[in-house]
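Structure, as C-alpha cells:
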Amino acid sequence: MPVENSDRLEDYENLTAADYENLPPLVAKGQIREQVLAEVIDRWATQTSDLFEENGEFLRGFDSWQTHPATLKRVDLRDDNPGADPIDLGADLLKPLADRLAVRECDAQAAADTHADGDMPIQRTPKVAATLIACRIRQAEAQKVELPLTIVLRSCHVSGSLDFSEACFTGNADFSQNSFGGRVDFGGATFSKNVDFDHADCSRTAYFGNAAFRGSAKFEEAGFRAGGAFPFAEFSGFTDFSRTSFALSARAARDDFDLCAVFIGATFLADAVFTDATFDGVATFDCASFRKGVQFDAATFCSHADFGCSTVSGVAGFHRTTFATPISFPSADLRRANVASTGPLVERLSPEESRRRWATDFVCWQWVRKTGELTALTRVSYAALIGVPLLAGLWGPARQWIAQQNGAMRQTGEALARLIEKVPPADGLAQELRSAIDGLTTATLPETMPTGWLLAFLASFAVVLAQFVYQFFAPEVIREASEADLVDAANEINRQDGTISNERLRQAIDFLEQAAEKLPHLRSQWFVRRGNRTVWIPENVDQHFVDAMIDEPRPADAPADWQPTKRVKAPDQEVDAEDRKRIAIEEGQKARYAIASFEQRSAAWVSGGLYVLAGYLTVMIVLRQLAHVAEVSPAAWLAWPLYALTWGPLIAVLTLGILVAVGWGAWQVRNDG
C-alpha cells in the first residue's frame, strides 16, 4: 500500500483499484462544499507552477511537486455530506478556474492598454498548474472550454467518464499512470503544448478523433483495453506509442504525423487501421505486433518507414500505399501474413507520372513476342511477300494479252452492231441481236490486279519489317524463351539439385530489387502476387527463409512439470520456408523477364505498331471478301457497307492514327532501354 501523503512520487505509481477505496473526501462532513471548492480554485489560481520548465518540457521526477501547496494528494474528489452529488472535476473545478484566469488575463490586458507608458507594472497571468496526484475522481466533463493552465492528473483513478471533447489545452497536460474506468473522450481537443498519457490504462473506448497535438504526444506503455480511435488526428510534434497495447481495434485513419512517429513494441490485438494516414517524418514500427492484421491502404510515408522485427499474423494491406524511400523489413515476421492488395503495392510516382507511364507501358517486348513468335503468321507473310511480287511480274505479259482479247471483243461487237443496222426489223430479231452484242462487249477481263492482292502485300511487308525489328532489337532472353519457360527452367533446376542455394536466392532478390527500382509503379521488391494472396519476400537470404516454429504441443496426459523438448512447424503457417524459397526463385525470373521486356522500348513500339498495322490490313482483306460473298447472296445489301468500311474515310483516319501512334511511342520512349 502506498504511504498516504508521501513526499515521494514513486509511492503512488502502479496503484490498484483497492488503493483508492478508503481515501478521505475532499469535502468532509460539516464542511461547506462551495467554500472548499473556492479554496482549491484560489490555491490553484494564485500559485505559480514550478512543475515545468520554461520551454514546456516535463520535469521528470517532479522534483518540487511534493512541496507545492496547490497539489491535491490522495483524496476522494467527492462531497461526504449526506445527499450531496459527486464533485465533477471539470464542471466544479477546472471550468471555474479557467473562467477566473480568463478574467485575470482581461484585467491584465486592460491595465496594459491603460498604462502603456510603463508607469504601472503589468501583472500577467502566472503559470498555473492544476495538480492532482493519486486521487479518486468520479467524472470529469469540460467540453468546449479553454484551459489556460497546466493540468497534471497523475496516478489517479477515474471511475466515470473523462470528457474533454473540443477543449483547448494552452499549457502542458499530464494524464500519465491514470486508470480510466469510463469512456475517455478528447474528440476535437487541441493540445497546444505537450501531452503525456504514458502508462495510462483505459478500460473503455478512448476517442481522440480530430484532436490536434501541437507539441509532443506520449502514449508510451498505455493500455487501451476497448480500443483507441484517432481518426483525422494531427500530430505536429514527436509522437510516441512505444509498447502501447490495443486490446480492440486501433484506428488512426487519415491521421497526420508531422514529425517522428514511434510505435516500437506496440501490440495490436485486433485490427490496426492506418488508412490514408500521412507520415511526414520517420515512422518506426520496430518489434510491433499486429495480431489480427494491419491496413496501410492509401497511406503516405514521406520519409523512412521501418518495420524491422515486426510481426503480422493477419492481413497486411498496402493498397495504393506510397513510400518516398524503400521500406525496411530487416527481420520482420510476415511468414503467416496474408498481405492483401488489389493494386500496386508500392507506388512512388506522382499521379501524373503514373498515368504517363501507363500510357506507354502497355507496349513492351513481352507483348510483341506473343505476335512475333507466331510461326504460321511468319510463314504466310513471307509467302505473300514473295508470291505477290512474282504475280505482279507475271501480270505484265498477261495484262497485254488480256488487253488484246478485250480489244478484239469490242471491235467484233462494233462490227456486228453496224451490220444489224442494215438488217430490216422483223419480229424483234434486231433487238435480240443488239442485246447479245452488248453482253459480248461487257464480258471483258479485268486489266488490273485485285485490290486484295495489294492489301496482302502491304500486310506481309509490315509483318516482315516488324519481325526484323523484333529479331534485331529485342533482348536475347525475350527472343529465346517466354516467361513461363524461364520459370519452368528454374523449377527444373530446383528438382535436379534437390535444394535451393543461397546464391540463387540472392540472384532472385537482386532481380526483384532491380524490377522495383525500374518499374516502381508495377512491382514491389518485398511483396509478390500469388493467386489471391500476396507473399512477402525477405530482402536478405539470411532473413526468415526458415519455417515458423512453435513449441512442441503439450500431451493431454503430461505431468505438471512437463517441458517441451523440441520445436515444431506452426500449424497455421501459410507459406513455409521451402515454398517461400521456390516463390522467390520463380518471381525473380519473372522480375528478370519484366526488366528485359522494357529495354529498347522505342523499338518495341515500332515493332508492335507494324504488327498492328499488318493485322488491320488483314481485317480489310477479310471485309472485302465478305463483301464479294454478299454481292452474290440474298443479303446483297450488306456489300456496300462492307466496301465502305474498307475504303471509306474512316480507314484513312485509322491508318494515319496507327502510324502516328507508332511514331509518338518511339519518340516518347526514345531514351528507355
- [ ] Go through Arg592, Arg601, Arg533 for me and flag whichever is at pLDDT 75 or above and open to solvent by 50 Å² or more (accessible area, probe 1.4 Å).
- [x] Arg592
Task: Conditions (1) farther than 25 Å from Leu149 by Cβ; (2) surrounded by fewer than 24 Cβ atoms within 10 Å (Cβ to Cβ): number failed by Gly187 - done: (1)
Task: Residue tally, condition under 11 Å from Val463 (Cα atoms) and buried (at least 19 other Cβ atoms within 10 Å of the Cβ), over the range 605-617 - done: 8
Open item on the list: Could you go through the range 262-269 and let me know if any residue there is open to solvent by 10 Å² or more (accessible area, probe 1.4 Å), assigned to a strand (DSSP E or B) and not small (Gly, Ala, Ser).
Closed with: yes
TODO: Report, by residue number, each residue of the range 238-253 that is surrounded by 19 or more Cβ atoms within 10 Å (Cβ to Cβ) and either of a type in the set (Asp, Glu) or part of a loop (DSSP other than H, G, I, E, B) (or both).
DONE: Asp240, Phe241, Ser242, Arg243, Thr244, Ala252, Ala253
Open item on the list: Tell me whether the range 294-301 contains one or more residues that are buried (at least 21 other Cβ atoms within 10 Å of the Cβ), part of a loop (DSSP other than H, G, I, E, B), at pLDDT 80 or above and not hydroxyl-bearing (Ser, Thr, Tyr).
Closed with: yes
Task: All positions within the range 273-283 that are open to solvent by 20 Å² or more (accessible area, probe 1.4 Å) and of a type outside the set (A, V, I, L, M, F, W, C) - done: Thr275, Asp276, Thr278, Asp280
TODO: Could you please find all residues in the range 126-175 being more than 16 Å from Leu72 (Cβ to Cβ), crowded, with 23+ Cβ neighbours inside 10 Å and polar (S, T, N, Q)?
DONE: Asn172
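The values are calculated or read from the model by the stated rules, or taken from the named source; none is laboratory data. Computed from a predicted model, the values in this text were never measured in an experiment. Every residue, glycine among them, receives a Cβ derived from its backbone with ideal geometry; neighbour counts consider all protein chains shown. What goes into the accessible areas is simple: the full protein's heavy atoms, side chains included, and nothing from ligands, DNA or RNA. Shrake-Rupley method; radii C 1.70, N 1.55, O 1.52, S 1.80 Å.
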